[in-house]
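Here is the structure we will look at, set down as structure tokens.
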Amino acid sequence: MEKKMEGERRVEATRRWVIGVGFWVQGFRLFPWLGVNFFLKDGMGVAASSLQILQASANLPMVAKPLLGLLSDAVPIRGHRRLPYVAIGALLQAISWLAIALWPAISLPVLTIFLLLSNFGASICEVANDAIVAEAGKQATSSSGSGQLQSFAWMFGSSAGALGNLVGGIALSYFSPKIMFLFFAILLVLQFCTTVAIPESSLQLPKADTNLSAVSSVRKQIKELSYALCMPEIFWSVIWFSLSYAAIPFLLGTMFFYQTEVLRLDSSVIGLSKVFGQVTLLAWSVAYNKYFKTTPARKVLSVLQFLTALVMLSDVLFVQGIYRNFGILDSMYTIVFSGLLEGLMLFKVLPFSVLVAKLCPSGCEGSLMAFVMSALALATIISGYLGVALAEFMGVSGGDFSALPTCLLIEAACTMLPLFFSSLIKERREKEKKEE
């Protein structure tokens with residue numbers, strides 16, 4: 001009995017190590033991406049609209065997550081379905097960032113290609129990491145155990161994001177962005193080596209069905225994914241979750257230019273703002289695991305959507321200089337509220353991931369979680385494009401921000417719209433779960 005318990009503890013420790021490293025490195029991606037923003041603005045002279053379009057377009061590889069989820073579920077590499085894909089994703093990212101760091105006088109098209117390749121590698125890692133969390137969570141002895149594993153992963157990702165933004169904001173004052181890209185490439189090489197050294201059998205995850213061919217296995221996974229998406233509680237919940245992002249004309253790039261060009265805020269302030277956002281994500285992970293994991297998902301998601309709209313309304317007052325009249329420094333507001341807004345945009349992912357993991361039928365965890373993250377990526381891309389279109393339509397540019405308050409009001413109003421359709425978020429009752 002003691003040997004069995006010792007073995008279970010060893011498996012749990014290995015799982016947490018793999019999940020922790022995977023989510024930490026992916027969270028630390030914010031470190032080079034902070035450098036990308038300033039490299040595009042200062043080093044390449046990219047306009048605000050072009051910056052936001054590139055930021056949104058760089059997420060296009062994330063839309064391929066369902067295909068990657070099917071691939072990892074159905075096509076094992078040497079009998080393993082998760083860690084080999086994590087290693088491949090880390091290697092692709094390392095190659096991309098290394099090329100960006102060492103390429104002399106890199107052009108915008110070449111930079112875009114390598115950023116797309118980097119995010120393609122990141123999407124492979126995230127699909128495999130999400131599947132590990134979902135499968136390991138399914139083996140937990142209780143529903144709270146599954147939620148704890150998701151919160152554990154989120155805490156590692158959030159802490160890495162906070163550290164990445166903090167170090168990045170400071171590093172930009174002393175080093176060129178290319179040095180940051182090179183450092184992150186080295187970190188990815190270390191992740192690759194660490195992942196290759198760990199046998200997937202030590203995680204004791206569900207094994208692939210070796211009796212099926214790759215084509216038959218893919219068909220089986222597509223059938224199971226289709227069945228899962230046809231479940232009303234999953235289908236309508238994913239629809240609402242996607243619309244809660246896609247309906248917002250997010251003005252992230254426009255606000256970045258306003259803060260750096262009009263308010264002349266230093267890169268360290270922008271970095272601290274993003275740090276604050278990641279710290280709030282970390283605090284939310286702890287709070288959700290401790291206080292809100294038993295709260296109905298519809299209530300949690302609706303409250304978070306409403307709070308996001310409130311912060312956007314607060315930005316209207318900020319741009320109009322009202323807070324400045326009360327003695328609140330622009331830098332202080334940017335650190336707290338701009339960081340909080342970026343955090344709030346991601347707060348919903350944790351409770352929704354826990355909800356989907358509970359509703360997901362066994363066997364297609366990787367495919368379904370990948371589909372959800374793909375829907376999120378597509379929704380954020382649409383949101384970014386809508387933000388560019390709104391800013392262009394209202395005449396907001398690098399030299400004229402007079403219409404920015406109106407744009408922010410429209411952004412907040414659009415954020416409130418999904419609240420009228422929160423009934424789409426479905427949850428099964430305990431009786432239905434037992435019957436299934």
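The values are calculated or read from the model by the stated rules, or taken from the named source; none is laboratory data. The structure displayed is predicted, hence computed values, not measured ones. Virtual Cβ from ideal backbone geometry, glycine too; neighbours counted across all protein chains shown. For the accessible areas, the whole protein counts, side chains as well, though only heavy atoms, and no ligand, DNA or RNA atoms are used. Shrake-Rupley method; radii C 1.70, N 1.55, O 1.52, S 1.80 Å.
If I histogram all Cα-Cα distances within region 217-427 using bins 5 Å wide from 0, what percent of pairs lands in each bin?
Bins of 5 Å from zero give 1, 7, 14, 17, 18, 15, 11, 8, 5, 3, 1, 0, 0 percent of pairs.
In Å and whole numbers, how far do the C-alpha atoms of region 311-389 stretch along each principal axis, longest first?
Projected onto its principal axes, the Cα set of region 311-389 covers 57, 28, 16 Å.
Once both axes come from the Cα atoms, what is the angle between helix 48-57 and the longest principal axis of the chain, in degrees from 0 to 90, rounded to 10?
Computed tilt is about 10 degrees.
Determine the distance separating the Cα centre of region 13-73 from the Cα centre of region 312-330; give it in Å without decimals.
31
Once both axes come from the Cα atoms, what is the angle between helix 214-230 and the longest principal axis of the chain, in degrees from 0 to 90, rounded to 10?
70
Give the accessible surface of region 236-323 per residue, rounded to a whole number of Å², with probe radius 1.4 Å and ligands, DNA and RNA excluded. Walk me through the numbers before you get to the answer.
Details: 3390 Å² over 88 residues.
Ligands and nucleic acids excluded, the figure is 39 Å² per residue.
Below 13 angstrom from the Cβ of SER244, what's the summed charge of the other residues (Lys, Arg +1; Asp, Glu -1)?
In short, +2.
Could you work out which residue, out of SER107, SER237, SER383, moves most in a Gaussian network model of the chain, that is, has the largest mean-square fluctuation with Cα springs under 10 Å?
Taking springs between Cα atoms under 10 Å, the residue moving most is SER107.
For region 1-199, what % of the accessible area comes from carbon and sulfur atoms, probe 1.4 Å?
Answer for region 1-199: carbon and sulfur cover 71 percent of the accessible area.
With everything on Cα atoms, drop me the angle between helix 404-416 and the longest principal axis of the chain, reported from 0 to 90° to the nearest 10.
30
Given region 1-199, what whole percent of its Cα pairs are spread farther than 23 Å?
Percentage above 23 Å: 47.
Among PHE192, PHE256, PHE292, determine the one that fluctuates most according to a GNM of the chain built with springs between C-alpha atoms less than 10 Å apart.
Residue with maximal mean-square fluctuation among PHE192, PHE256, PHE292: PHE292.
Leaving out ligands and nucleic acids, and using a 1.4 Å probe, what accessible area per residue does region 1-199 come to in Å²? If you can, show how the numbers build up before the last one.
Numbers: 8240 Å² over 199 residues.
Result: 41 Å² per residue.
Would you mind computing the Rg to Rh ratio of the chain from its alpha-carbon coordinates, Kirkwood style for Rh?
Details: Rg = 21.7 Å, Rh = 22.4 Å.
Rounded to two decimals, Rg over Rh is 0.97.
Select from PRO418, PRO296, PRO61 the residue whose mean-square fluctuation is largest in a Gaussian network model of the chain (Cα-Cα springs shorter than 10 Å).
Maximum among the listed residues: PRO296.
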